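Trainee: The structure is given below, and queries will be raised subsequently.
The values are calculated or read from the model by the stated rules, or taken from the named source; none is laboratory data. The structure presented is a predicted model; accordingly, all values stated were derived computationally and were not measured. Cβ sites come from the backbone with ideal geometry, for glycine too, and all protein chains shown count toward neighbours. These accessible areas exclude ligands, DNA and RNA; they are computed on the full protein's heavy atoms, side chains included. Shrake-Rupley method; radii C 1.70, N 1.55, O 1.52, S 1.80 Å.
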Amino acid sequence: MLHFNPIKHQIKNMRQRIKSLLFGLIIGTFIFSSCVPLKDYVYLQGDLETSDLEIAEPAAYRIQSNDNLYIQVISNDELSMYFNLSSTDRYLNNDAAIELGSYKVDANGEIDFPYVGNVVVKGLTTSEVKEIISTSIAERLVQYSVVVKLVNRSVSLLGEFNTPGTYSFYKDQMTIFEAIGMGHDITDFGNRHKVKVIRHVNGQKNVTNIDLTSTEIFKSEYYYILPNDIVYVEPTNRVYGAKTLPFATILTTINTIVLLYNAVNNATK
């Protein structure tokens, strides 16, 4: 006559549940680690070797209020020293040096230049300002050279960057990808298909969406970053993938389940 052993029956059921849990965890890990679409991570998808690949011309930056202009007049004439706020060997590498060694554009879009007076520079390029200054001092100096530079060049990287923040740059031309490099790339959760670039043009704020996965970005006027641009990367839905799945935790859990299963299995023998 067979006797029903409730303890062995419970252990058997527990063993089945542990096997199901282990199987589900392994299958789930495999599914999640392989479900990340590659197209969401790869920049510039398409043929980059075509000879007819068009690249947009960089837009000229127009000076705005609160900009700082470095203006240097170089001449053998002793009068030239009175035009310069800083010597040619002084580096404007911090906020204090920039304020003391450059001309600040006021709320009216003007700078106060020695012996010339107020000069309207807002809305002009640095080349146009150079021409105005050169014309203004032509009556006072015979031989001279004028250098005009914008010294407060910066770009703000916000959202899903590995190191977001505001970064200064000193190149006349910087691409969107060089800016992304300053932020140490976009995180795995960043939406590369819809990156917002916020730019102030003629006192108006323009917000444009660009797709970093498409080679069409080369044709966009936003391929080149202008001073004071803001680049914002919004997050996508945070689905775990091969690059972000916590494998150490999962392997520890699987190992614990296996040990538990072996303990239960040995108890039934």
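Trainee: Among the residues of segment 186-201, what is the count of those that are in contact with a Phe, Trp or Tyr (Cβ under 8 Å, 6 or more places away or on another chain) and under 16 Å from E234 (Cβ atoms)?
Mentor: Our first condition is that a residue be in contact with a Phe, Trp or Tyr (Cβ under 8 Å, 6 or more places away or on another chain); within segment 186-201, this holds for 186-188, 190, 192, 195-199.
When the remaining residues are screened for being under 16 Å from E234 (Cβ atoms), the result is 186-188, 190, 192, 195-198.
Here the count works out to 9.
Trainee: Do you know which residues across segment 67-85 are open to solvent by less than 40 Å² (accessible area, probe 1.4 Å) and modelled with pLDDT under 90?
Mentor: Scanning segment 67-85 gives S75, S80, F83, N84.
Trainee: Restricting the search to segment 56-66, which residues are at pLDDT below 90 and open to solvent by less than 90 Å² (accessible area, probe 1.4 Å)? Outline the logic, then answer.
Mentor: Going residue by residue through segment 56-66, those that are at pLDDT below 90 are 56-60.
A56, P58, A59, A60, listed by residue number.
Trainee: If you don't mind, there's one more thing I want to ask. Within segment 187-211, how many residues turn out to be at pLDDT below 95 and within 12 Å of the chain's Cα centre (by Cα)?
Mentor: Selection size over segment 187-211: 3.
Trainee: Here's something else I'd like to know. Being at pLDDT 90 or above and of a type in the set (S, T, Y) is the filter; apply it to segment 92-134 and report the residue that is farthest from N152 (Cα to Cα).
Mentor: Result: S134.
Trainee: Picking from V147, V151, V142, V155, which residue would you name as being closer than 29 Å to K104 by Cα and touching a Pro at 6+ places or on another chain (Cβ under 8 Å)? Before you say what the answer is, go through the steps one by one.
Mentor: Numbers: V147 fails: touching a Pro at 6+ places or on another chain (Cβ under 8 Å); V151 fails: touching a Pro at 6+ places or on another chain (Cβ under 8 Å); V142 fails: touching a Pro at 6+ places or on another chain (Cβ under 8 Å).
Among V147, V151, V142, V155, only V155 is closer than 29 Å to K104 by Cα and touching a Pro at 6+ places or on another chain (Cβ under 8 Å).
Trainee: Restricting the search to segment 123-172, which residues are in a loop (DSSP other than H, G, I, E, B), surrounded by 14 or more Cβ atoms within 10 Å (Cβ to Cβ) and touching a residue at least 60 places away in the same chain (Cβ under 8 Å)? First the steps, then the outcome.
Mentor: First pass over segment 123-172, keeping only residues in a loop (DSSP other than H, G, I, E, B): 123-125, 138-144, 151-153, 160, 162-164, 169-172.
Within this subset, residues satisfying the condition of being surrounded by 14 or more Cβ atoms within 10 Å (Cβ to Cβ) are 124-125, 140-141, 144, 151-153, 160, 164, 169.
Matches in segment 123-172: L124, T125, R140, L141, Y144, V151, N152, R153, E160.
Trainee: Take K104 and decide whether it is surrounded by fewer than 18 Cβ atoms within 10 Å (Cβ to Cβ), of a type in the set (D, E, K, R) and under 21 Å from N202 (Cα atoms).
Mentor: On the way: surrounded by fewer than 18 Cβ atoms within 10 Å (Cβ to Cβ): yes; of a type in the set (D, E, K, R): yes; under 21 Å from N202 (Cα atoms): yes.
Yes.
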